[in-house]
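All remarks here apply to the structure that follows.
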Amino acid sequence: MRSWCETPAGGYLLAWERAQYERAVADIFGYHALQLGLPALDTLVANRMPHRWLAGYGPAVPDESSATLRTISLHTDYAALPFPEGSLDLVTLPHTLDCHPDPHAVLREVARALAPSGRVLISGFNPMSLWGWRQRREAWWARTAHEAGWHWWAEHGKPVLPAGLGLISPWRLRDWLQLLNLEVEDAEPGTGYGLWRPLLRSAPWLHRWRWLDQAGARWWPVLGAVYFVVAVKRVHGVRLLEPRWRRAASAAPQAAPASLVRHQRESAASDTAIARPEGLDEVVTRPSRR
């Protein structure tokens with residue numbers, strides 16, 4: 001991934017993703033932020049949290065837009081982060097899920113480490129785009145040529161994206177996030193997908209197709225080569241329930257005072273005497289004649 005980012009297509013990708021991350025993290029507040037992978041892109045440069053870390057493998061790559069060399073803070077397995085549960089306010093995953101062998105385990109670990117209302121920002125290659133389609137075609141051609149013994153053709157059919165990627169569709173990613181109680185925030189129009197130019201190795205030819213970015217954002221946004229997702233951790237409220245024995249004791253009938261019972265009986269007797277018609281006791285029921 002590092003060497004591919006130095007190509008014209010890699011620079012095209014980094015420029016778009018840098019703008020997306022800077023816009024998204026600028027208004028996210030908290031204390032602890034973490035970036036997993038891709039040292040070539042500083043996703044937290046526009047964030048103002050006091051504690052920001054970069055986790056990855058190998059030495060860091062200098063960011064051309066920064067005057068200083070950005071170093072890696074820690075080396076760790078992305079599926080086993082050395083952070084307590086609910087301790088991170090922001091986590092960024094720039095193509096981390098594409099490069100990791102178990103992306104679902106990475107998401108579970110991120111959801112565990114996120115604090116309530118914490119946010120995770122994810123960017124990845126879209127397998128439904130022209131870039132993804134070309135990657136699958138080149139991989140199929142290389143595999144077919146290798147099985148047929150056409151070594152020259154097998155070498156010619158090299159993947160156009162970094163090797164070893166596992167492309168995840170944005171719809172599948174949304175399902176994973178929903179299972180982990182990570183709610184996807186609605187993106188602004190034209191910001192969820194990007195990069196509609198063909199995947200070319202030449203910078204001049206890549207520049208000539210720049211008009212496709214504006215047309216693609218308007219007419220076929222879901223075919224962008226890269227997607228950008230923002231999700232927030234939701235923790236549902238909990239209401240404590242009283243024990244059953246306490247509810248039963250409060251609902252049990254209680255004995256009334258003797259004075260109150262006597263007063264109620266006297267009131268009922270007086271009401272009956274007032275409502276009884278005069279001469280009711282003298283009424284005699286006569287047998288009917290047949």
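The values are calculated or read from the model by the stated rules, or taken from the named source; none is laboratory data. The structure displayed is predicted, hence computed values, not measured ones. Cβ: placed from backbone, ideal geometry, glycine included. Neighbour counts: every protein chain shown.
Key figures
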read-out: The stretch 78-105, residues that are surrounded by 14 or more Cβ atoms within 10 Å (Cβ to Cβ), among the hydrophobic types (A, V, I, L, M, F, W, C) and farther than 16 Å from Pro170 by Cα; value: Ala79, Leu81, Phe83, Leu88, Leu90, Val91, Ala105
read-out: Some residue of the stretch 155-163 being buried (at least 17 other Cβ atoms within 10 Å of the Cβ), in contact with a strand residue (DSSP E or B) (Cβ under 9 Å, 6 or more places away or on another chain) and either at pLDDT 90 or above or aliphatic (A, V, I, L, M) (or both); value: yes
read-out: Close pairs (6 angstrom Cβ cut-off, 6 or more residues apart or separate chains): under 16 Å from Thr92 (Cα atoms) in the stretch 8-30, hydroxyl-bearing (Ser, Thr, Tyr) and not in a helix (DSSP H, G or I) anywhere; value: Glu17/Ser123; Tyr21/Thr43
read-out: Within the stretch 217-237, considering residues that are more than 13 Å from Arg174 (Cβ to Cβ) and touching a Pro at 6+ places or on another chain (Cβ under 7 Å), the one surrounded by the most Cβ atoms within 10 Å (Cβ to Cβ); value: Lys233
read-out: Sole exception among (1) at pLDDT 95 or above; (2) exposed (fewer than 12 other Cβ atoms within 10 Å of the Cβ) for His75, by number; value: (1)
read-out: Positions within the stretch 1-51 being surrounded by 16 or more Cβ atoms within 10 Å (Cβ to Cβ), of a type in the set (Gly, Ala, Ser) and assigned to a helix (DSSP H, G or I), in sequence order; value: Ala9, Gly10, Ala24
read-out: Cross-chain or 6+ apart pairs with Cβ under 9 Å, the stretch 39-54 first and without any contact (Cβ under 8 Å) to a residue 40 or more places away in the chain, then assigned to a strand (DSSP E or B) and among the β-branched types (Val, Ile, Thr); value: none
